[in-house]
Amino acid sequence: MAEPKPEEISHPPMDQLQGLEYCIDSNPSWGEAIALGFQHYILALGTAVMIPSFLVPLMGGTDDDKVRVAQTLLFVEGINTLLQTLFGTRLPTVIGGSYAFMVPIISIIHDTTLLSIEDNHMRFLYTMRAVQGALIVASSIQIILGYSQMWAICTRFFSPLGMIPVIALVGFGLFDKGFPVVGRCVEIGIPMLVLFIAFSQYLKNFHTKQLPILERFALIISITVIWAYAHLLTASGAYKHRPELTQLNCRTDKANLISSAPWIKIPYPLQWGAPTFDAGHAFGMMAAVLVSLIESTGSYKAAARLASATPPPAHILSRGIGWQGIGILLDGLFGTLTGSTVSVENVGLLGSTRVGSRRVIQISAGFMIFFSILALFASIPFTIFAAVYCVLFGIVASVGLSFMQFTNMNSMRNLFIIGVAMFLGLSVPEYYREYTAKALHGPAHTRAVWFNDFLNTIFFSSPTVALIVAVLLDNTLDYKDSARDRGMPWWANFRTFKGDGRSEEFYSLPFNLNRFFPPS
């Protein structure tokens, strides 16, 4: 038997993923694009409803307040997504609410001054205004780092090797939002997970009029089927005598959003009143803004590969961070109750549908802004979204692992850096979660609340811990003699806008604005 040729054993590195139907600047038909945009909108609803549903009751808010916050969050998500796809990185990314802001927001909610307010509605309003003020001040971090190009300078220390654990943990780091939530209602979560995988993978070759309808629309089809099934279980009284937690995760009528929601409600700036400003609150929120910046950097790089684009140059990445800072400023002005980051689940959906079109994401932003029937879709149990997250977060994580092809994985140095960074990126936040669950406060617990919030927020984030460890080790451990092993020769072409001729095609500003803002 003849010995196999080298090309039969290994696959050459490729800077763009293959097998995508539509890339960043190619578009499906208008009908298909609208349907795909609606699918991204439905997926974005999960976080837009989940965050207010958790935080608003802690603030003393009612179901009506919960609905207004969710509608405001969705509305601003649409505006931020349009701004990012038009003037930011121009990658097909949905800019949604972020869980990274939970630690400083919960700290503000538990501020003794606010807790002393006896009237629940007034406590909700004053807490909301405090969160708004902190977001407005903290947004300056991303605005300054982005538009000053300081973040572009920082990214010069990032190699493909250093980005592997960061991008991978953007997906893997959200494991607690996946099967642990599915397990709260397995009779809905497991069928949803199986159905979504079956439609998107095993039946992906089923075509209708030359359109792979089951692969392309697996999300909306499977959600519709399981949502109807969940409603049937709810209406038949299957959960009538079950524990309250089970009902909350399984029933379609426990969110109390349909009965409370106005069908049309247009959010506007300062709708909750004038924001209040506190230095301690703002400083703690700055940590969340830094975490959002790091997580978004990993998500942008993942989105570029899933949109079949080249890695975003440092200048483009910095520009996107600047616009994301503007987005957090808008979050503070409108009162969304949380800051913005790239929606990881929507990045994963690009890979599941194999459609990385920018136009599709812009259409989804239109749905977020103008769709007035949020309440109807808000009755989807979050368990259904969690089942989808098990697949979509995994896709994003695997994109991070795909960067290994540009590095030397036979190097013990590289194996050490990736292994330690990924392990600590998972282990440190898990320690913080377990400690907080038992002690009801984070490991950092001094009299300086702002200091506690800063440290606890930073180390709650898997990608942030991974970046600190990976970049530190990668730039101090035999770095002078390992440029090739780290993948730097491949990365060099994408450092600047003019380093690769395709950058202009993917990242140039619309309306010929590059004349006024020439890329570096």
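Of the helices (runs of 4 or more DSSP H) lying entirely inside the range 452-520, those carrying at least 1 residues that are closer than 20 Å to V166 by Cβ and either at pLDDT below 90 or among the basic types (K, R) (or both) are 483-486, 488-492. Looking only at residues in the range 199-214 that are in contact with a Phe, Trp or Tyr (Cβ under 9 Å, 6 or more places away or on another chain) and part of a loop (DSSP other than H, G, I, E, B), which one is least open to solvent (accessible area, probe 1.4 Å)? Per the stated criteria, the residue is P212. Annotation note: of S292, S308, the sole residue that is modelled with pLDDT of 95 or more and of a type in the set (S, T, Y) is S292. Look at the range 435-447: where a residue is touching a residue at least 40 places away in the same chain (Cβ under 8 Å) and under 13 Å from F460 (Cα atoms) and a partner is in a loop (DSSP other than H, G, I, E, B) and of a type in the set (F, W, Y), sitting 6+ places away or on another chain with Cβ atoms under 8 Å, you get G442/F460. The set of residues in the range 277-326 being closer than 19 Å to V94 by Cβ, assigned to a helix (DSSP H, G or I) and hydroxyl-bearing (S, T, Y) consists of S292, S296, T297, S299, Y300. Which residues, counting only those in the range 181-197, are in contact with a helix residue (DSSP H, G or I) (Cβ under 8 Å, 6 or more places away or on another chain) and surrounded by fewer than 23 Cβ atoms within 10 Å (Cβ to Cβ)? Answer for the range 181-197, where residues must be in contact with a helix residue (DSSP H, G or I) (Cβ under 8 Å, 6 or more places away or on another chain) and surrounded by fewer than 23 Cβ atoms within 10 Å (Cβ to Cβ): V181, G183, R184, E187, I190, P191, L195, I197. When each of A492, A448 is tested for being surrounded by fewer than 19 Cβ atoms within 10 Å (Cβ to Cβ), of a type in the set (G, A, S) and either under 25 Å from P13 (Cα atoms) or touching a strand residue (DSSP E or B) at 6+ places or on another chain (Cβ under 8 Å) (or both), the lone residue that passes is A492. The residues of the range 143-180 that are of a type in the set (D, E, K, R) and either closer than 12 Å to G298 by Cα or in a helix (DSSP H, G or I) (or both), listed by number, are D176, K177.
Which one of S411, S398 is more than 30 Å from L233 (Cα to Cα), of a type outside the set (A, V, I, L, M), open to solvent by 30 Å² or more (accessible area, probe 1.4 Å) and touching a residue at least 24 places away in the same chain (Cβ under 8 Å)?
Values: S411 fails: open to solvent by 30 Å² or more (accessible area, probe 1.4 Å).
Just one listed residue meets the conditions, S398.
None of F370, F382, F403 is open to solvent by 20 Å² or more (accessible area, probe 1.4 Å) and farther than 30 Å from L233 by Cβ except F370. When the range 146-174 is examined, which residues are found to be open to solvent by 20 Å² or more (accessible area, probe 1.4 Å) and either within 24 Å of D478 (Cα to Cα) or β-branched (V, I, T) (or both)? Of everything in the range 146-174, those that are open to solvent by 20 Å² or more (accessible area, probe 1.4 Å) and either within 24 Å of D478 (Cα to Cα) or β-branched (V, I, T) (or both) turn out to be I153, C154, R156, F157. The helices (runs of 4 or more DSSP H) falling completely within the range 29-134 that include 3 or more residues that are open to solvent by less than 40 Å² (accessible area, probe 1.4 Å) map to 30-58, 63-87, 102-109. Restricting attention to the range 409-428, does a residue exist that is more than 25 Å from Y268 (Cα to Cα), touching a Phe, Trp or Tyr at 6+ places or on another chain (Cβ under 7 Å) and not aliphatic (A, V, I, L, M)? Within the range 409-428 (the criterion being more than 25 Å from Y268 (Cα to Cα), touching a Phe, Trp or Tyr at 6+ places or on another chain (Cβ under 7 Å) and not aliphatic (A, V, I, L, M)), the answer is no, since none of the residues qualifies. Looking at this structure, is I384 under 17 Å from the mean Cα position of the chain (by Cα) and β-branched (V, I, T)? No; evaluated as a whole, the condition is false for this residue. Remark: pairs (first residue in the range 179-203, under 23 Å from G351 (Cβ atoms); second residue outside any helix (DSSP H, G or I) and open to solvent by 30 Å² or more (accessible area, probe 1.4 Å); Cβ separation under 9 Å; 6+ apart in sequence or on different chains) = F199/F206. Can you work out which of the residues in the range 353-363 that are touching a Leu at 6+ places or on another chain (Cβ under 8 Å) and surrounded by 24 or more Cβ atoms within 10 Å (Cβ to Cβ) is farthest from I79 (Cα to Cα)? Only one residue tops the list, namely T353. Taken over the range 261-317, the criterion of being more than 30 Å from V399 (Cβ to Cβ), within 25 Å of the chain's Cα centre (by Cα) and either among the aliphatic types (A, V, I, L, M) or open to solvent by 20 Å² or more (accessible area, probe 1.4 Å) (or both) is satisfied by I266, Y268, P269, H281, A282, F283.
If you check A168, A198, which single one turns out to be of a type in the set (G, A, S), under 20 Å from the mean Cα position of the chain (by Cα) and closer than 30 Å to N249 by Cα? Explain how you work it out, then say what you get.
On the way: A198 fails: under 20 Å from the mean Cα position of the chain (by Cα).
So the residue among A168, A198 that is of a type in the set (G, A, S), under 20 Å from the mean Cα position of the chain (by Cα) and closer than 30 Å to N249 by Cα is A168.
Can you pull out the residues in the range 402-448 that are small (G, A, S), at pLDDT below 95 and assigned to a helix (DSSP H, G or I)? Of everything in the range 402-448, those that are small (G, A, S), at pLDDT below 95 and assigned to a helix (DSSP H, G or I) turn out to be S402, A437, A439.
Could you please give the count of residues in the range 135-158 that are out of contact with any Gly (no Cβ under 6 Å at 6 or more places or on another chain) and among the small types (G, A, S)? Give the derivation first.
Quick first cut of the range 135-158, residues out of contact with any Gly (no Cβ under 6 Å at 6 or more places or on another chain) only: 137-138, 140-141, 144-145, 148-158.
From the residues that got through so far, the ones that are among the small types (G, A, S) too are 138, 140, 148, 152.
Total meeting the criteria: 4.
The values are calculated or read from the model by the stated rules, or taken from the named source; none is laboratory data. In this text the structure is predicted, and so the values were computed from the model without any measurement. FYI the Cβ positions are ideal-geometry reconstructions off the backbone, even for glycines, and counts take in every protein chain you see. With ligands, DNA and RNA removed, areas are computed over all heavy atoms of the protein, side chains included. Shrake-Rupley method; radii C 1.70, N 1.55, O 1.52, S 1.80 Å.
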